[in-house]
Ligand code: SF4
């Protein structure tokens, strides 16, 4: 039998509740602060996520503030000059991003009367909006209970629940079943806050190369940690 479980076996609600409680206890003292986290505007969340793609959050902080002050709504952005957007986001070193952002703003105005879509399928039709960005807009902007299939989140739940990722695509995105597992652990109340907690935990504790298992508040029930420290 495989040492890993298929995500469908993620049925232990008691364990899920314990996982949620521990994360939400850990998070208030360990929250990473970013200006876009102060916002619940779907527009501002979408802009932040588009700026964050393929660059570091540190670089995005200053650019984001300038961007939102210059373009306070999707309507002002849709009528912007691409050159102006390029000038603002130049520090990110992403030459094609301005065109994509402008394109998204114009589509939202033309097709959605200026409302950022609140349905995942519609969000995914927008250029450069993938599963993660759509999930972030829904979770942080609209308060919808959805999973955020971010690399940090996927890694955390794979390790904690000992899940395999059998159909990881060639583009590196998680399999559908892993995305379902990521959604299942999200509570009904404060789902956005919980997703931020998972993002921060994956970035600060359950890191890719050197997870801080010795100081991890989840270690007593972490399947990967227990397997590695109690080999049969
Ligand atoms: Fe991650 Fe280690 Fe904590 Fe398990 S014990 S969740 S592997 S940091």
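Tabulated data for the structure shown
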quantity: Failed condition for residue 174, given (1) modelled with pLDDT under 95; (2) surrounded by 22 or more Cβ atoms within 10 Å (Cβ to Cβ); (3) within 16 Å of the ligand (Cβ to nearest atom); calculated: (3)
quantity: Checking residue 116 against (1) touching a residue at least 40 places away in the same chain (Cβ under 8 Å); (2) under 14 Å from the mean Cα position of the chain (by Cα); (3) not in a helix (DSSP H, G or I), the condition it does not meet; calculated: (2)
quantity: Boolean, residue 114 is at pLDDT 90 or above and either under 27 Å from residue 72 (Cα atoms) or in contact with a strand residue (DSSP E or B) (Cβ under 9 Å, 6 or more places away or on another chain) (or both); calculated: yes
quantity: Of all residues in region 183-198 being within 18 Å of residue 162 (Cα to Cα) and buried (at least 18 other Cβ atoms within 10 Å of the Cβ), the one that is nearest to the chain's Cα centre (by Cα); calculated: 198
quantity: Filter result (within 10 Å of the ligand (Cβ to nearest atom) and under 16 Å from the mean Cα position of the chain (by Cα)) within region 199-217; calculated: 201, 202, 204, 206, 207
quantity: Residue that is nearest to the chain's Cα centre (by Cα), among those in region 126-143 that are surrounded by fewer than 21 Cβ atoms within 10 Å (Cβ to Cβ) and in a loop (DSSP other than H, G, I, E, B); calculated: 130
quantity: Close pairs from region 215-228: first more than 15 Å from residue 155 (Cα to Cα), partner in a helix (DSSP H, G or I) and more than 6 Å from the ligand (Cβ to nearest atom), Cβ under 7 Å, at least 6 apart; calculated: 217/22; 217/26; 221/15; 221/18
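The values are calculated or read from the model by the stated rules, or taken from the named source; none is laboratory data. Model, not experiment: these values are computed from the prediction. All Cβ positions, even for glycine, are placed from backbone atoms using ideal geometry, and neighbour counts span all protein chains on display.
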